[in-house]
Ligand SMILES: [Zn+2]
């Protein structure tokens, strides 16, 4: 990640840590609201269960993002952050700033999406 200055890496690290903090905060709030429902009629309960289900799905998606953030932080420690995992090209700071968890350069990302669509 020689193409990134120390300041840029530091900025990206702060962004990742902030993302992580927000996910953990939301997860805690979700947990609080999802474990204390009593009373209400059948419909209330059905609605509640559906919301709960959505919350859980959201949580698992966020759990994945959380894992990804930790992975990116680890890569920063190792000095392999910001390099495309497919072709080895440096990922421009502009892209990383918009998406700090990016593992691929734009070209490889587009190819991957193309392949997934087939
Ligand atoms: Zn690439």
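Quick look at the numbers
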read-out	value
Residue 37 part of a loop (DSSP other than H, G, I, E, B), at pLDDT below 95 and surrounded by 11 or more Cβ atoms within 10 Å (Cβ to Cβ)	yes
Condition met for residue 16 (touching a residue at least 24 places away in the same chain (Cβ under 8 Å) and either surrounded by 14 or more Cβ atoms within 10 Å (Cβ to Cβ) or within 16 Å of the ligand (Cβ to nearest atom) (or both))	yes
From the options 87, 108, residue that is at pLDDT 95 or above, loosely packed, with under 14 Cβ neighbours inside 10 Å and over 18 Å from the mean Cα position of the chain (by Cα)	87
Tally of residues being assigned to a loop (DSSP other than H, G, I, E, B) and within 9 Å of the ligand (Cβ to nearest atom) across region 76-108	9
Test result for residue 66, under 18 Å from the mean Cα position of the chain (by Cα), touching a residue at least 12 places away in the same chain (Cβ under 8 Å) and more than 16 Å from the ligand (Cβ to nearest atom)	yes
Residue check for residue 56: more than 16 Å from the ligand (Cβ to nearest atom), more than 15 Å from the chain's Cα centre (by Cα) and surrounded by 12 or more Cβ atoms within 10 Å (Cβ to Cβ)	yes
Number of positions in region 45-72 that are at pLDDT 95 or above and over 20 Å from residue 27 (Cα atoms)	1
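The values are calculated or read from the model by the stated rules, or taken from the named source; none is laboratory data. It should be emphasised that the depicted structure is a prediction, and the values quoted were computed from it without experimental measurement. All Cβ positions, even for glycine, are placed from backbone atoms using ideal geometry, and neighbour counts span all protein chains on display.
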